[in-house]
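Please read the structure below before turning to the comments.
The values are calculated or read from the model by the stated rules, or taken from the named source; none is laboratory data. Note that this is a predicted model, so its numbers are computed, not measured. All Cβ positions, glycine included, derive from the backbone under ideal geometry; neighbour counts span all protein chains shown.
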Amino acid sequence: MVSALDVKPALLINKVKEKLKEEIQMPEYVKFVKSGAHAERVPEQKDFWYIRCASILYQIYRRSIVGVNRLRRHYGGRKIRGVKPEKHYPASGSIIRRAMVALEKAGYIKKTENGRVLTPKGQKLLDSYAKELRK
């Protein structure tokens, strides 16, 4: 059986992004905000929200239990601070949290005491697209 870990993540995320466009509504504010304190401007990708949602699904698949803070560290980056040394800053927690809530409403993840985990529906989605990509 093919799992989501057997294919390239970028290809899988692009496939899942198209499916999420049909099921999840993008909040209006996403067009105007940066992805974190480390970013210098708003993401230039039109599908930034859906790519982030698909990427969050993949990260939960890989790590099994994930919280907002772990994902903030994952999606964060180095901030250019002029002559001072660069420093790592976490990504926006609001974007990640609202993406997780949208994925919960769609039924792909569920909230537990320790964090969020993938539901069988979410695992089936990722595995089916991985199988399609493997062919």
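Numbers at a glance
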read-out: Matching residues, the range 20-56, being among the polar types (S, T, N, Q), under 26 Å from Glu86 (Cα atoms) and part of a loop (DSSP other than H, G, I, E, B); value: Ser35, Gln45
read-out: His88 of a type outside the set (S, T, N, Q), at pLDDT 90 or above and assigned to a strand (DSSP E or B); value: yes
read-out: Check on Ala99, among the aliphatic types (A, V, I, L, M), touching a residue at least 40 places away in the same chain (Cβ under 8 Å) and closer than 17 Å to Lys17 by Cβ; value: yes
read-out: Some residue of the range 119-128 being free of Cβ contacts under 8 Å to residues at least 12 places away in the same chain, closer than 17 Å to Leu5 by Cα and among the basic types (Lys, Arg); value: yes
read-out: Options Glu44, Glu104: the member that is modelled with pLDDT under 95, of a type in the set (Asp, Glu) and surrounded by fewer than 13 Cβ atoms within 10 Å (Cβ to Cβ); value: Glu44
read-out: Val101 vs. criteria among the hydrophobic types (A, V, I, L, M, F, W, C), touching a strand residue (DSSP E or B) at 6+ places or on another chain (Cβ under 7 Å) and on the phi < 0 side of the Ramachandran plot; value: no
